[in-house]
1. Out of all the residues in the range 52-62, which are free of Cβ contacts under 8 Å to residues at least 60 places away in the same chain and either among the basic types (Lys, Arg) or open to solvent by 30 Å² or more (accessible area, probe 1.4 Å) (or both)?
2. Restricting to the range 32-49, give me the number of residues that are part of a helix (DSSP H, G or I) and open to solvent by 60 Å² or more (accessible area, probe 1.4 Å).
3. Which is modelled with pLDDT under 95, under 29 Å from Lys56 (Cβ atoms) and either open to solvent by 50 Å² or more (accessible area, probe 1.4 Å) or touching a Cys at 6+ places or on another chain (Cβ under 9 Å) (or both), of Pro208, Pro188, Pro196?
4. Quick check: anything in the range 87-96 part of a helix (DSSP H, G or I) and modelled with pLDDT of 90 or more?
5. I'd like the residue in the range 123-152 that is polar (S, T, N, Q) and in a loop (DSSP other than H, G, I, E, B) and, out of all such residues, is surrounded by the most Cβ atoms within 10 Å (Cβ to Cβ).
6. Is it the case, given these coordinates, that Trp71 is of a type outside the set (Asp, Glu) and within 28 Å of Ala186 (Cβ to Cβ)?
7. Of all residues in the range 90-115, how many are farther than 30 Å from Thr144 by Cβ and either open to solvent by less than 80 Å² (accessible area, probe 1.4 Å) or in contact with a strand residue (DSSP E or B) (Cβ under 8 Å, 6 or more places away or on another chain) (or both)?
8. Name the residues in the range 83-129 that are out of contact with any helix residue (DSSP H, G or I) (no Cβ under 8 Å at 6 or more places or on another chain) and of a type in the set (Ser, Thr, Tyr), would you?
Amino acid sequence: LGLCAAALVWAEEPEAPVKKEEPKKEEARREAPKFETPEKLGEAVFEALKSRDEEKYLTIVATDEDVERIWARLPATERNVPLEEIKARFQRNREAFRGDYRWLQEAAASNQIDWKTARLHLVDVKVRKRGEMEGFSDMTLWITSPDHPGKAFPIVMDDGCNFGGSWKFTDDMKKSKSMLIADLPADPAKPAQEGPDSKKTDPATDKPAENR
């Protein structure tokens with residue numbers, strides 16, 4: 001639909017004049033959370049589940065406001081789908097996200113995951129860029145619990161993109177791949193520990209280093 005690409009173009013343009021609205025709407029807009037990175041978006045998923053806050057969980061999906069602001073700056077040639085149809089799609093997504101939240105809470109309970117002691121071990125996401133478009137096809141959150149040492153429970157979210165400086169999901173989660181107990185994945189940010197039989201090399205010669 002070209003929305004992700006348009007989001008980046010919109011972010012680089014000056015803000016359009018804000019129309020006068022009801023005070024409550026202005027207040028709600030200022031309080032809307034902003035997720036600067038995909039990892040921040042993933043952390044918001046976990047925090048909403050941990051705090052059992054369904055409304056907070058729904059802030060991770062793109063809103064009508066996100067769509068409208070981007071649509072207003074799309075070239076006419078890229079408006080292949082009517083705005084109301086796109087907004088209706090995102091409305092269905094929000095309803096699906098509400099069901100996802102409740103499903104995740106039930107799955108956590110059935111797996112004996114206590115949110116008070118649960119931890120977010122890793123947000124695994126790969127951002128893809130095509131021109132000025134920036135997004136991802138899926139994101140996996142690895143949840144750990146003291147009751148399951150050495151194991152983790154994945155939550156696999158679906159598509160997301162950068163909506164003008166704030167990352168949001170554009171599709172609901174993948175239930176068939178979520179909350180299935182698995183081995184704890186390695187954190188790519190941490191270097192692998194060297195075993196007793198590991199061999200060090202001299203970076204200058206790329207040959208085994210001599211013991212000194």
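The values are calculated or read from the model by the stated rules, or taken from the named source; none is laboratory data. Since this is a predicted model, take the numbers as computed values, not measurements. Using ideal geometry, Cβ is built from the backbone for each residue, glycine included, and neighbour counts are taken over all protein chains shown. Calculation scope for accessible area: heavy atoms of the full protein, side chains included, ligands and nucleic acids excluded. Shrake-Rupley method; radii C 1.70, N 1.55, O 1.52, S 1.80 Å.
1. Asp53, Glu54, Glu55, Lys56, Thr59
2. 4
3. Residue meeting the stated conditions: Pro188.
4. Taking the range 87-96 first, the residues part of a helix (DSSP H, G or I) are 87-96.
Among the residues that remain, those that are also modelled with pLDDT of 90 or more are: 96.
Looking for residues that are part of a helix (DSSP H, G or I) and modelled with pLDDT of 90 or more, one finds at least one in the range 87-96, hence yes.
5. Ser145
6. Numbers: of a type outside the set (Asp, Glu): yes; within 28 Å of Ala186 (Cβ to Cβ): no.
When the stated conditions are applied, Trp71 does not pass them.
7. Residues that pass the stated criteria total 2.
8. Ser110, Thr117
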